[in-house]
Amino acid sequence: MATNNNIDDEFFNTPYKYKFEEINLISEKVFKVGGAHQKFDLTNVVSELNLYEHLDKPFITGTLIVNDIDPDVNLINEIHFLGTEKIRIKIRVHTSEPFTITKNFVVTEVLKSVKSNDDNEVIVLHIIEDSAYLSSLIRVRRSYRAKKHDIIKQLAETAGRKVKSITDNLPPGDKLTRVIVPNMTPLEAANWVKDRVTTKNGFPYFLYATLSDDDLRFYDLESMLQGQPLNEGRPHYTYSLNSDQIPLLTNDQGETKPRSNSNTVEDASFVINSYSLERYSDHLNYARKGFTTSKYNFIDTTFGDNLETKFRADKVFSKMVKDNLLRGQSKYPLYDYISEFGGKGIHEYDTREITHFATSRQYNDFFDTEGYHEAKTESDHALKVTAKALRFWLLNSPITIQVPGRNFLRNDVCPTIGNIFRVGFIANRSTVGLPIGEYIDQQKTGDYLGYSARHVFSGERYSVHITMTKLGTPGYGRGTYA
């Protein structure tokens, strides 16, 4: 754990450096003389802190490992953990004030307590953001009538959170929605409503929290994919066992090649220390689930109509290529609509037929208001199907990389999940004499979307394990898509 009190450039001389400026635990059941709540300074007894961000979670979770080693104070006896203690954490990874992050958590449980000897005990605490703790205590049992994104904002405010949103891509003519929340917590209900929102092109929305501030973000996948990589014009996040060939750079023509490694903290912060890539590119599994081709029946019980829509992944990905959503380092889609089996492409096999009941005109004001599942036309229902499929396709090629934490903790912008990262891997061959375009591993290299992140503050090192996903690659073998 970093305990140096000098906050200067010399202290932050590696991309792993950090400083806990404050880790205070406040127990409202323990009082000082005079009646004030007892505050415990844990800064020097925390051996590890893990903080988790995830695109599917509107709150931050974490674990805190505390060493009860003070010979004069028995921390467990003083605090007497009951799962209601509040923790305030303030962290710095740069010299300037804007890089100081402050977050408030609540202990939910003691995961483990182990004595290493008679004078020392290690305590592992599970923590969640204070807004999530508050939300879990509230039961929402009421109806809402508003635009879906406005309902989400109202529910988030019930848990004490504001929402930053992108609504430019919502379908035109979006009606008011009336929903009756069936005994959910506010954040749980907000996530439920979020699942019913799509863009006009059928891309899903995400509602998530980040370390950069206390606001929630309600952003769509289409806008995320259109964003420029956070490391645009800077080195790729690069993995290579040859330290003389990192990091990768992209020249003015968009070509990628290794450059000589420098010893600056800036360059070192883009080095991938390790990576994990498992169980990916499973087209058969997705075909069996209906995410390559499937037929959907939406039965309107009010009129007795069956609105049929057919989902085809090849058309979805072709449109993404046409709209230049797969661009730059990821211009070729991961979906294979070239290979044939039995004389037909995967998308020509109708692998699933799925039936949903979607009652219309549930409320008296149905001209202005629709229900949660209601849609007017087959194309409106098709947006729901496309959004569901894209959520799954987004998880078809995940990679988890471990990198230094220097670039991932800022309070002026979210630098982790929901952003595009340019990642590079050296090809599995000698690069001597090769043309520039063949230096890279085109399977792993590309523009990735940050999906989840684990921030690890341990000992003298702050590192980030970030899971990234993508829908395209820089190349497609020796061939190209039509």
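The values are calculated or read from the model by the stated rules, or taken from the named source; none is laboratory data. Predicted, not measured: the structure shown is a model, and the values here were computed from it. Note: ideal-geometry Cβ built from the backbone for every residue, glycine included; neighbour counts use all protein chains shown.
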Any chance ARG161 is charged (D, E, K, R), buried (at least 19 other Cβ atoms within 10 Å of the Cβ) and modelled with pLDDT of 95 or more: yes
Checklist (1) outside the structural domain of TYR462 (by TED's automatic domain parsing); (2) within 24 Å of PHE218 (Cβ to Cβ); (3) crowded, with 20+ Cβ neighbours inside 10 Å; (4) modelled with pLDDT under 95 applied to TYR335, failing item: (2)
If GLU157 passes every condition in (1) of a type outside the set (Val, Ile, Thr); (2) under 21 Å from ALA453 (Cβ atoms); (3) out of contact with any Lys or Arg (no Cβ under 6 Å at 6 or more places or on another chain) but one, which one does it miss? (2)
Starting from the stretch 74-96, take each residue that is closer than 17 Å to ASN24 by Cβ and list its partners that are modelled with pLDDT of 90 or more and in a loop (DSSP other than H, G, I, E, B), counting only C-beta distances under 7 angstrom and pairs at least six apart or across chains. ILE79/GLU85; ILE91/TYR18; ARG92/TYR18
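Being farther than 14 Å from ALA382 by Cβ and at pLDDT 90 or above is the filter; apply it to the stretch 301-320 and report the residue that is surrounded by the fewest Cβ atoms within 10 Å (Cβ to Cβ). It would help to see each step written out before you state the result.
Keep residues of the stretch 301-320 that are farther than 14 Å from ALA382 by Cβ, which gives 301-306, 314, 317-318, 320.
Next cut, at pLDDT 90 or above only: 306, 314, 317-318, 320.
Values: ASN306: 11, ASP314: 18, PHE317: 24, SER318: 16, MET320: 21.
Once the filter is applied, the top-ranked residue is ASN306.
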Kindly list, by first and then second residue, each pair from a residue in the stretch 447-471 that is farther than 14 Å from ILE401 by Cβ to a residue that is of a type in the set (D, E, K, R) and part of a strand (DSSP E or B), limited to pairs with Cβ atoms under 7 Å and residues at least 6 apart or on different chains. PHE457/GLU48; SER458/GLU48
Hey, which of the strands (runs of 3 or more DSSP E) in the stretch 144-239, taking only ones fully inside, have at least 1 residues that are outside the structural domain of SER379 (by TED's automatic domain parsing) and closer than 30 Å to THR445 by Cβ? 205-209, 216-220, 237-239
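Looking only at the stretch 75-87, count how many residues are over 14 Å from ILE128 (Cβ atoms) and not in a loop (DSSP other than H, G, I, E, B).
5
Take THR100 and decide whether it is closer than 17 Å to ARG454 by Cα and of a type in the set (S, T, N, Q). Write out each step before concluding.
Working: closer than 17 Å to ARG454 by Cα: no; of a type in the set (S, T, N, Q): yes.
No.
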Would the stretch 346-354 turn up any residue that is under 24 Å from the mean Cα position of the chain (by Cα), part of a helix (DSSP H, G or I) and within 21 Å of SER397 (Cα to Cα)? no
Pick from the stretch 169-187 the residues that are surrounded by fewer than 19 Cβ atoms within 10 Å (Cβ to Cβ) and either within 22 Å of the chain's Cα centre (by Cα) or free of Cβ contacts under 8 Å to residues at least 24 places away in the same chain (or both): which of them is farthest from SER143 (Cα to Cα)? ASN169
Quick check: is even one residue across the stretch 157-171 in contact with an Asp or Glu (Cβ under 6 Å, 6 or more places away or on another chain), basic (Lys, Arg) and under 21 Å from SER135 (Cα atoms)? yes
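Pick from the stretch 280-328 the residues that are part of a strand (DSSP E or B) and hydroxyl-bearing (Ser, Thr, Tyr): which of them is nearest to GLY446 (Cα to Cα)?
First pass over the stretch 280-328, keeping only residues part of a strand (DSSP E or B): 293-300, 305-312.
Adding the requirement that they be hydroxyl-bearing (Ser, Thr, Tyr) leaves 293-294, 296, 309.
Details: THR293: 26, SER294: 29, TYR296: 33, THR309: 33 Å.
Residue satisfying both the conditions and the ranking: THR293.
State whether the residues of the stretch 436-456 include one that is in a strand (DSSP E or B), modelled with pLDDT under 90, aliphatic (A, V, I, L, M) and surrounded by fewer than 23 Cβ atoms within 10 Å (Cβ to Cβ). Break it down stepwise before answering.
Step one: filter the stretch 436-456 for residues in a strand (DSSP E or B), giving 440, 446-456.
Now drop any that are not modelled with pLDDT under 90, which leaves 440, 446.
Then drop every residue that is not aliphatic (A, V, I, L, M), which leaves 440.
Then drop every residue that is not surrounded by fewer than 23 Cβ atoms within 10 Å (Cβ to Cβ), which leaves none.
Looking for residues that are in a strand (DSSP E or B), modelled with pLDDT under 90, aliphatic (A, V, I, L, M) and surrounded by fewer than 23 Cβ atoms within 10 Å (Cβ to Cβ), one finds none in the stretch 436-456, hence no.
Looking only at the stretch 164-196, which residues are of a type in the set (Val, Ile, Thr) and at pLDDT below 95? Let's see the steps before the verdict.
Step one: filter the stretch 164-196 for residues of a type in the set (Val, Ile, Thr), giving 166-167, 177, 179-181, 185, 193.
Of everything in the stretch 164-196, those that are of a type in the set (Val, Ile, Thr) and at pLDDT below 95 turn out to be ILE166, THR167, THR177, VAL179, ILE180, VAL181.
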Here the residues within the stretch 86-141 that are of a type in the set (S, T, N, Q), out of contact with any Lys or Arg (no Cβ under 7 Å at 6 or more places or on another chain) and surrounded by 12 or more Cβ atoms within 10 Å (Cβ to Cβ) are THR95, THR108, SER113, ASN120, SER135, SER136
For the stretch 354-371, give me the residue count where each residue is surrounded by fewer than 18 Cβ atoms within 10 Å (Cβ to Cβ) and under 30 Å from LEU225 (Cβ atoms). 2
